[in-house]
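> Shown below is the structure under consideration.
The values are calculated or read from the model by the stated rules, or taken from the named source; none is laboratory data. No experiment lies behind these values; they were computed from the predicted model shown. We place every Cβ from the backbone using ideal geometry, glycine too, and count neighbours over all the protein chains shown. Each accessible area value is taken on the protein alone, full model and side chains, heavy atoms only, with ligands, DNA and RNA left out. Shrake-Rupley method; radii C 1.70, N 1.55, O 1.52, S 1.80 Å.
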Amino acid sequence: MRKSLYIAAVCIFSLSCTKDKWFDAKQNLTQVVPIRVQDFQAMMDNIIMDWNSPYLGEIGCDDHYVPDAQFTQLTTNEQDAYTWSHDQPYKSVVDWALASDGTYTRVYYANLVLDGLKTATGDGTFDYENVKGQALFYRAKNFYDILQEYAPVYDSSKAATDLGVPLRLESDINIASKRATVKDSYNQVIADLTAAIPLLPVTPLYKTRPSQPACYALLARLYLSVSDYADAGKYADSCLSLYTTLVDFNALNFTATYPLPIYNNDVIFNCSMNVGGGPVSYNARVDSLLYQQYDSNDLRKKLFFIVNADKSVTFKNSNYYNTCFSGMAIEEMYIVRAESRARQGQTAAALADINTLLRGRYKTGTYVDKTAANADDALLIVLAERRKELLMHGVRWSDLRRFNKDPRFAKTLTRTIAGKTYTLEPGSFKYTLAIPDDVISQAPGIVQNPGW
């Protein structure tokens, strides 16, 4: 069944195979059509649902750089993302659709499940509502992820007219794709997550399955990305009311290859960016000024980094080879709630969240609770810790996009490759990536982003 579903899924926009190939695949599918709830659960448990989260935005952020020698080893898509350019033909990668494990492939799987469940049968062993909730969550997460790369940052004055992403809500590939507005795109994510919450358990059977805390965590992330800090804090608080466990880094075995287990207690929902040899893996060098912000007693300095012979610093993936965590974890919720509180003038409450987090990140007995004279100072502390704690978690690009709207935090980024300097100014159109050329050429209803 999986093989046939893979073939079908990559045809979503009629971009990766001809109609004849699609009907051949569909004919094969008639022999293995899933009809039971447990069949649809198996589809949601497919590894592609938690693998290969979009990562081109992470490549473009300011936490790392790539030496010239390593730059040439990157794919053309990665080179363009790293230099905020569109100098080479840009073909679809996992961040969009043209792969068996791409973003819109996961949307297609979710829609197959949602459509199939309408007539599904079962023996009572598998929970129909739980599976439906999972599909709604996966569709929402993938729409949200792609919005952070291929749609402009949310602006309430333009969201009703700015173009967002195609909202594929049915599994029928004959329905033409077109871009919804930014407002409708975000509303769809919110609607899917809101519908999923009562269907899902508080504690999932596996951390690779969605849950109520995962839905609240994604809503908190979404509202933060659109600068709705009150609602971001509200949903972070909802998540923390259900799950609050934090790992004490003092209990980790730092001699282990991966000291932090992949399904550790911090994790609410596990998924990853499969970065391979790209610029957010061992090819990258961590920004030296960022590295210097970690205190000598901060155990994250030991857990996250390797100091090379040339004194450059490499990010050490602490829990799984060649992947970077891109799911939801409890530390993010403490930080989101802290930022929400600081932005609403709640200095003491904001610092209480940050201190709760950091006490287990420093060597026992060395941490001194942070203090601030006012809410603005507290916000600076929170944002500094956000960047340090969530390094290589796939959220920095979204942060840079929203910071552009605040002169206090907007910044100009630069890269120099082989003597050529590339610049990304605050508010640049380049913060919205170019839609892949093959998508534009083969899907008439999808128009290119302005500037490209």
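> Could you tell me which of the pairs K141/K420; K141/K301; K158/K234; K207/K411; K234/K388 are separated by over 32 angstrom between their Cα atoms in the structure shown?
K141/K420; K207/K411
> Using only the alpha-carbon atoms of the chain as identical scatterers, what base-10 log of I(q)/I(0) does the Debye formula give at q = 0.05, 0.06 Å⁻¹?
Calculated log10 I(q)/I(0) at the listed q: -0.17, -0.25.
> Additional query: Quote the Stokes-Einstein diffusion coefficient, in whole µm² s⁻¹, for the stretch 110-175, based on the Kirkwood radius over alpha carbon pairs, a temperature of 25 °C and a viscosity of 0.890 mPa s.
176 µm²/s
> Moving on to the next point. Against the longest principal axis of the chain, how steep is helix 182-196, in degrees 0 to 90 to the nearest 10, with axes from Cα atoms?
With rounding to tens, the tilt is 90 degrees.
> Put +1 on the Cβ of each Lys and Arg and -1 on the Cβ of each Asp and Glu in the chain; which of S340, L199, Y223 then has its Cα farthest toward the positive end of the dipole?
S340
> Sticking with this one: Any chance you could check the Cα centroid distance between the stretch 112-133 and the stretch 176-194 for me, in angstrom?
Between the Cα centres of the stretch 112-133 and the stretch 176-194 lies a distance of 23 Å.
> Kindly report the accessible area of the stretch 322-397 per residue (heavy atoms of protein chains, probe 1.4 Å, no ligands, DNA or RNA), in Å².
On the way: 2450 Å² over 76 residues.
Each residue of the stretch 322-397 exposes 32 Å² on average to a 1.4 Å probe.
> While we're here: At 1.4 Å probe radius, can you tell me the per residue accessible area of the stretch 162-229 in Å²?
I get 37 Å² per residue for this part.
> Computing the accessible area with a 1.4 Å probe over protein heavy atoms, can you report the carbon and sulfur percentage for the chain?
Values: 9390 of 18130 Å².
Looking at the chain in its full context, I get 52 percent from C and S.
> So what's the angle, to the nearest 10 degrees on a 0 to 90 scale, between helix 103-116 and the longest Cα principal axis of the chain?
50 degrees
> Just how much of I35 is accessible, in Å², when a 1.4 Å probe is used and the result is rounded to the nearest 10?
Taking all protein chains as shown, I35 has close to 100 Å².
> Tell me the label-point distance for the pair Q73, S312, using the 7 Å Cα-to-Cβ offset, in nm and rounded to one decimal.
Spacing of the two 7 Å Cα→Cβ label points: 1.0 nm.
> Continuing with this model, one more query. Give, rounded to the nearest 20 debye, the magnitude of the charge dipole that the stretch 160-289 has about its Cα centre when Lys and Arg contribute +1 at Cβ and Asp and Glu contribute -1 at Cβ.
For the stretch 160-289, the charge dipole is close to 220 debye.
> Counting only the heavy atoms of the protein chains, how much of W452 is accessible to a 1.4 Å probe, in Å² to the nearest 10?
That residue has around 70 Å² of solvent-accessible surface.
> Give me the percent relative contact order of the chain, please, defined on Cα pairs under 8 angstrom at least 6 residues apart.
With pairs under 8 Å counted, the relative contact order is 19 percent.
> Another one. Assuming R0 = 30 Å, can you tell me the calculated FRET efficiency for the pair Q88 and T412, based on Cβ-Cβ distance, to the nearest 0.05? Write out the running numbers ahead of the final one.
Numbers: r = 24 Å, r/R0 = 0.80.
Calculated transfer efficiency: 0.80.
> Follow-up. Hey, what angle do you get for helix 330-343 against the long axis of the chain, alpha-carbon based, 0 to 90 degrees rounded to 10?
Value to nearest ten degrees: 70.
> Over the heavy atoms of M49, what accessible area does a 1.4 Å probe trace out, to the nearest 10 Å²?
That residue has around 10 Å² of solvent-accessible surface.
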